[in-house]
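Reviewing the structure listed below.
The values are calculated or read from the model by the stated rules, or taken from the named source; none is laboratory data. All values derive from a computational prediction rather than experimental measurement. Cβ: placed from backbone, ideal geometry, glycine included. Neighbour counts: every protein chain shown. Heavy atoms of the whole protein, side chains included, go into the accessibility calculation; ligands, DNA and RNA do not. Shrake-Rupley method; radii C 1.70, N 1.55, O 1.52, S 1.80 Å.
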Amino acid sequence: MFLLDKPNRRFVVVESRDQSSYRPHGYEAARKLGLAHRFSYGTQWLDNPELGDRVWTIQATTNPALADVVGGLDIDGGTWLAFHRDTGVYSRIFVAEPTPAEFISPYGLPIDCATAESARDAVELLETRLLPALGDVAKMPGFNLLIADPDDAFVVTFDGHDSMTTTSLSDGRTHVLTDADDEFGKRIQEQAEQAPAPTEKLSSWAPWLSVYTSADTDAPDYSDESWLANAYSAVRPPYRDTPDADRFKNVALFPVTDPSQAAWTKSVSIYSAGRTGAELFAYNERQLFDYQPLPTDVRHMGFPTTPDDFFVVIANENS
């Protein structure tokens, strides 16, 4: 969920990331990768240059701008989210399906985009260099990639074959990108438009977080068999992530035999960029280790609901 405010040159976004409950990310991914510098979010690819051998990028690992790129860390060495501290360029990728082993992972592209001087330059980078870099042999799964800065916001869509489209998004209104039910996305958007937009101040995020993390008022209880993760909540407790009719149902009620098919919201982050670049970045995350059972009590899982629930990575003097 995000807003571009051109008159005040500000871009704000709150995002959450769902993935397999036991797939390492952040600090745990860094530990398993044997990295010396282990942070959930940070200048991962500057501090750990060996990651350049793990993640595929168009040009990011040789770009000096990489020194100011901050992002999360996935077990493959890439990221779903990255931004540049000075320019404020922000990129967040959405990949519908897991990347097959024979495909190139798209999780290096947010790093590429964050090294660009502007969101427009990042779009141009993808439009002119992605397909030539892949060539005739390499394959990459389809994706939607949000690229924004305080002046522009775009969504770049790749079909997984040879077609790429770019959509320029309007300013002055809230946008929602989601894999959830369309009606649920519309409800969140309508509620957010009634709430005051956040700024670079951490405390200002309370109204948006209240909208984003609240369950639908008409939603059945999580313990009800009719509950669905993609229909009632942006921040999701454990659910089935399976290619069948039971997908998105409560995984405690509809168990899986493969732990990788149990997913939940692993992290939530908030970001503000303004005239001076990145102004605020903070996150809340949940790590689940191999030896831990899936939580069955939603109340004990620590999902964020207020600004006080977030760990601040970057804040300017006004935050």
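Do we have any residue at all in segment 247-266 that's within 19 Å of Phe94 (Cβ to Cβ), open to solvent by 30 Å² or more (accessible area, probe 1.4 Å), in contact with a strand residue (DSSP E or B) (Cβ under 7 Å, 6 or more places away or on another chain) and assigned to a loop (DSSP other than H, G, I, E, B)? Checked against the condition, which is being within 19 Å of Phe94 (Cβ to Cβ), open to solvent by 30 Å² or more (accessible area, probe 1.4 Å), in contact with a strand residue (DSSP E or B) (Cβ under 7 Å, 6 or more places away or on another chain) and assigned to a loop (DSSP other than H, G, I, E, B), segment 247-266 yields at least one hit.
Scan segment 90-117 residue by residue and report those that are assigned to a loop (DSSP other than H, G, I, E, B) and touching a Gly at 6+ places or on another chain (Cβ under 9 Å). Let's see the steps before the verdict.
First, the residues of segment 90-117 that are assigned to a loop (DSSP other than H, G, I, E, B): 95-105, 115-117.
Of everything in segment 90-117, those that are assigned to a loop (DSSP other than H, G, I, E, B) and touching a Gly at 6+ places or on another chain (Cβ under 9 Å) turn out to be Val95, Ala96, Glu97, Phe103, Ser105.
Conditions (1) assigned to a loop (DSSP other than H, G, I, E, B); (2) touching a His at 6+ places or on another chain (Cβ under 7 Å); (3) more than 29 Å from Thr242 (Cα to Cα), marked per residue:
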residue	(1), (2), (3)
Asn8	yes, no, yes
Val12	no, no, yes
Arg23	yes, no, no
Leu35	yes, no, yes
Trp45	no, no, yes
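Would segment 179-200 turn up any residue that is assigned to a loop (DSSP other than H, G, I, E, B), under 28 Å from Pro106 (Cβ atoms) and in contact with a strand residue (DSSP E or B) (Cβ under 8 Å, 6 or more places away or on another chain)? Within segment 179-200 (the criterion being assigned to a loop (DSSP other than H, G, I, E, B), under 28 Å from Pro106 (Cβ atoms) and in contact with a strand residue (DSSP E or B) (Cβ under 8 Å, 6 or more places away or on another chain)), the answer is yes, since at least one residue qualifies. When Thr306 is tested against the conditions (1) out of contact with any strand residue (DSSP E or B) (no Cβ under 9 Å at 6 or more places or on another chain); (2) modelled with pLDDT of 90 or more; (3) closer than 20 Å to Ala30 by Cβ, the lone failure is (3).
Among the residues here, Trp208 does not qualify as in contact (Cβ under 8 Å) with a residue 12 or more places away in the chain, open to solvent by less than 50 Å² (accessible area, probe 1.4 Å) and farther than 22 Å from Leu3 by Cα.
Residues Glu127, Glu97, Glu102: which one is under 15 Å from the mean Cα position of the chain (by Cα), more than 22 Å from Arg275 (Cβ to Cβ) and surrounded by fewer than 17 Cβ atoms within 10 Å (Cβ to Cβ)?
Result: Glu97 is the single residue among Glu127, Glu97, Glu102 that is under 15 Å from the mean Cα position of the chain (by Cα), more than 22 Å from Arg275 (Cβ to Cβ) and surrounded by fewer than 17 Cβ atoms within 10 Å (Cβ to Cβ).
Listed here are the residues, each with its yes/no results for (1) free of Cβ contacts under 8 Å to residues at least 12 places away in the same chain; (2) over 19 Å from the mean Cα position of the chain (by Cα).
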{"position": "Asp182", "(1), (2)": "yes, no"}
{"position": "Gly185", "(1), (2)": "yes, no"}
{"position": "Ile188", "(1), (2)": "no, no"}
{"position": "Val235", "(1), (2)": "no, no"}
{"position": "Pro243", "(1), (2)": "yes, yes"}
{"position": "Leu253", "(1), (2)": "no, yes"}
{"position": "Val256", "(1), (2)": "no, yes"}
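Picking from residues in segment 131-155 that are assigned to a helix (DSSP H, G or I) and open to solvent by 30 Å² or more (accessible area, probe 1.4 Å), the one that is nearest to Val55 (Cα to Cα) is Ala133.
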